Amino acid sequence: MCPFVRGFSKADPIRQTRYMSETAASFTSALNFNSAGLIPVVVQESQSKAVLMLAWMNLEAVTQTIETSAATYWSRSRNELWVKGATSGNTQEVVGIAYDCDADTILLTVVQHGGACHTGDNSCFDQHQVALS
């Protein structure tokens, strides 16, 4: 278990006192991207703490997300950046970003507007669950 998580949130005084590009550079310099230049991103709803989806980011997507507070991902199938909700209207307002103790996974905390899943469901994990007792 990680003793702490590094990251920034809207309430973070560092984020409020530095230029966003400095914040992005500081944050991204610590990340361990895979051999394809990507890092997995777990997306969590800020109020309920529900896990909404898993996505991928490259360096440009991480930087754009930090600078705009709009969740931006890398599409592995289309090989391009995509801003969540640009076509569907189901946007994600990023209120926090952190990385784990190995710096190889990002946690985005978001305010979700509309469904998070491309199917329209609230979460990508709504449909296929097994109850364990």
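The values are calculated or read from the model by the stated rules, or taken from the named source; none is laboratory data. Everything numeric in this text was worked out from a predicted model, so none of it was measured. Cβ atoms come from the backbone with ideal geometry, glycine included; neighbour counts cover every protein chain shown.
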Checklist line | Residues being outside any loop (DSSP other than H, G, I, E, B) and loosely packed, with under 15 Cβ neighbours inside 10 Å - total across segment 110-133 | finding: 1
Notebook entry, point to check: Among the candidates GLY96, GLY37, GLY85, which residue alone is surrounded by fewer than 16 Cβ atoms within 10 Å (Cβ to Cβ) and not charged (D, E, K, R)?
Noted result: GLY37
Check: Can you list the strands (runs of 3 or more DSSP E) found entirely within segment 1-109 that contain at least 1 residues being within 12 Å of the chain's Cα centre (by Cα) and at pLDDT 95 or above?
Finding: 39-45, 51-57, 72-75, 80-83, 92-99
Check: Name the pairs: first residue in segment 76-94 and under 18 Å from ASN58 (Cα atoms), second residue among the charged types (D, E, K, R) and not in a loop (DSSP other than H, G, I, E, B), Cβ to Cβ under 8 Å, at least 6 apart or on different chains?
Finding: LEU81/GLU60
